[in-house]
1. Toward the positive end of the charge dipole of the chain, about the Cα centre and with charges on Cβ (Lys, Arg +1; Asp, Glu -1), which of Asn50, Gly114, Leu283 goes farthest?
2. At 0.36 nm per residue, minus the direct Cα-Cα distance, what do Ala45 and Val223 gain on full extension? Give it in nm, one decimal, please.
3. With 10 angstrom as the radius, rank Thr66, Thr183, Thr338 by how many other C-beta atoms surround their C-beta, starting from the fewest.
4. If amide hydrogens are placed 1.01 Å from N in the peptide plane, which non-local residues have theirs closer than 5 Å to the one on Tyr146?
5. In percent, how large is the relative contact order of region 267-318, given Cα pairs closer than 8 Å and 6 or more residues apart?
6. Could you give me the ³J(HN,Hα) list for region 151-162, computed from phi with Karplus coefficients 6.51, -1.76, 1.60 and θ = phi - 60°, whole Hz, x at Gly and Pro?
7. Is it possible to state the helix-based mean residue ellipticity at 222 nm for the chain, with each DSSP H run of 4+ residues giving -39500 (n - 2.57), the sum divided by total residues, to the nearest 500 deg cm²/dmol? What is it?
8. Does region 100-219 come out rounded, prolate or oblate, given a ≥ b ≥ c as the square roots of the eigenvalues of its C-alpha gyration tensor, rounded meaning a/c under 1.5 and, failing that, prolate meaning a/b above b/c?
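Bear in mind these aren't lab numbers, they're just calculated from the coordinates by the rules spelled out. Because the structure is a prediction, the values reported are computed rather than measured. As a convention, Cβ positions derive from the backbone with ideal geometry for all residues, glycine included, and neighbour counts pool all protein chains shown.
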Amino acid sequence: MTTYVGDRRVLDADSHVMELADFLDDFIDPAYRDRLRRRGMDALAPVLANAVARAETRRCDAAVATLAEERLLEDKGWSAMGAFDPDERSRVLDLLGVQGQLVFATFATAMFAGRDTDRLYAGSAAQNRAMVHFCSSDPRLLPVGYVPLVDPERARVLVTEAVEGGCAAVMVPSTAAGERSPTHPDLDGFWDVLNESGMPFVLHVGGGGRLLDPAFHNNDMPVTDHLGGGENIRSKDFLAIHHSPEMFLGALIFDGLFDRFQKLRGGCIEQGAGWVVSWMRHLDYGQRAFRRTEEPLRRLENLPSDYVRAHLKFTPFPGEPLGWMIEQAGAELFMFSTDYPHPEGGKNPLAKFEEALVGTGAADQERFYFANMDELVHGRV
């Protein structure tokens, strides 16, 4: 069978499940089930009912299923094959030809996010179990858990459960941990679990909260989200999309977290990667500029940019100048992704990456399509 990626070895660093309204119900502590925020899902009831009906038609009608396979990267959201059906999702991986795929939640987190800390951690635990369940029938599906950091002890317990429960990675918010820095010693127990287990942390768009002050959109020239995806990204949102990850990851580096936890690995997903080239130089300049007055910077064992290359990976957007980015910053930094089945991934991400990699050597392309994600998830090249 001819697959989308052809004869390449490919790992996909970003995909999603499109949750149905009951996604968390079988996995959450019953005491918190009625505390979930269901208004958003309730508003989507007609969309979800239509998606379920279409999926049932695909199961019962071979011609309809064949047409859906032909439209593999054209249908998006709940309309896509395998958006919420794990058996269909396995067929999607057959058609794509990828050997593994990180799978993130899309909307479930909104059902428990907020200031209610008890609900936050109960919902996070339920989401992690639900993600593992969705991915359990196919080893190519790699579930991504979620661990908020506002309560250090609960974060430690939750990440331990995620490791033992079968998550392949855990997403953390790219924000301060409540009133603490994510590098605060109170959170060392959380980072130590990841360091010792070998499971990576990942950041993802949406995890940094509001991308920019909404006043910047108040210009008497309203625009819509032309992609219609879960993150509602417009042009000025795009200008700010890297702000929270560069601050979060920069804090980890400047505060010496990777010296304390030397096996720790992290990924930055769906937030572009062209900014990484200048950010690495900015980090090195920041250390030079402030090390005379800041002891933590003097204690660093390596240049900040060296920590980036040793511990972090990034997913470019299709269409970014990937070949130039590899030349400037290093082939070990960047990973392929489809964002399936979100519309932000586009209808042919492979073609855009291939165009950007013209002139890039085969070994560096192998790193991009396969080895870098393999290193992130499994700790090997």
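1. Leu283
2. So the extension gain works out to 61.5 nm.
3. Going from sparsest to densest Cβ surroundings: Thr66, Thr183, Thr338.
4. Close amide H contacts, sequence-distant or interchain: Asn128, Met171.
5. Relative contact order of region 267-318: 65 percent.
6. 10, x, 6, 5, 4, 4, 5, 5, 5, 4, 5, 5
7. Numbers: 18 runs with 167 residues, N = 381.
After summing the helix terms and dividing by residue count, I get -12500 deg cm²/dmol.
8. Values: a/c = 1.76, a/b = 1.25, b/c = 1.41.
Oblate, since a/c reaches 1.5 and b/c is not below a/b.
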